[in-house]
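Everything on this sheet refers to the single structure shown next.
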Amino acid sequence: MNINTLKKEIIRAYQVIYFHQEQEKKRRGCPMDQHSLEKRRKKLRKIIQETALSNDLNFLKADFHRCEGYFQLHPEARQIKLVSNYAMTSNENSLKSFRNVLKSIFNS
């Protein structure tokens, strides 16, 4: 697996993991205030940024194995298919959602 593919897989895995953890907290009835959600999303964005900028193959492999470990403990999380880049806000994603909104307006 080349390094760029590995980075994409790690980023996607972390997005699924964070989403799964939030869903589990909601399912268990844990209170989720906006401050703690925003704090978690900032942490996720930081992890994603570090992963995207890293060229250390050993660090990336260790991260990948950490994510795989989570999926072994929570096999149901592996089945989650995120429709978007969870907790990511970029110009590209904003543009895609803007286009989708326009399409839905004009196709209605």
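The values are calculated or read from the model by the stated rules, or taken from the named source; none is laboratory data. Only a predicted model underlies this, so the values are computations on that prediction, with no experimental measurement involved. Ideal geometry is used to build each Cβ from the backbone, glycine not excepted, and the neighbour counts take in all protein chains shown. Remember, those area values only see protein heavy atoms, side chains included, never the ligands or the DNA or RNA. Shrake-Rupley method; radii C 1.70, N 1.55, O 1.52, S 1.80 Å.
A quick yes/no check of all residues on (1) in a loop (DSSP other than H, G, I, E, B); (2) surrounded by 10 or more Cβ atoms within 10 Å (Cβ to Cβ); (3) β-branched (Val, Ile, Thr):
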| residue | (1), (2), (3) |
| --- | --- |
| Gln15 | no, yes, no |
| His20 | no, yes, no |
| Arg27 | no, no, no |
| Pro31 | yes, no, no |
| Ser36 | no, yes, no |
| Arg41 | no, yes, no |
| Gln49 | no, yes, no |
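Among the residues examined, Phe59 qualifies as among the aromatic types (Phe, Trp, Tyr), over 16 Å from the mean Cα position of the chain (by Cα) and farther than 14 Å from Lys8 by Cβ. I'd like to verify a number: residues in segment 51-108 that are in a helix (DSSP H, G or I), modelled with pLDDT of 55 or more, open to solvent by 100 Å² or more (accessible area, probe 1.4 Å) and not charged (D, E, K, R), how many? Counting residues in segment 51-108 that are in a helix (DSSP H, G or I), modelled with pLDDT of 55 or more, open to solvent by 100 Å² or more (accessible area, probe 1.4 Å) and not charged (D, E, K, R) gives 6.
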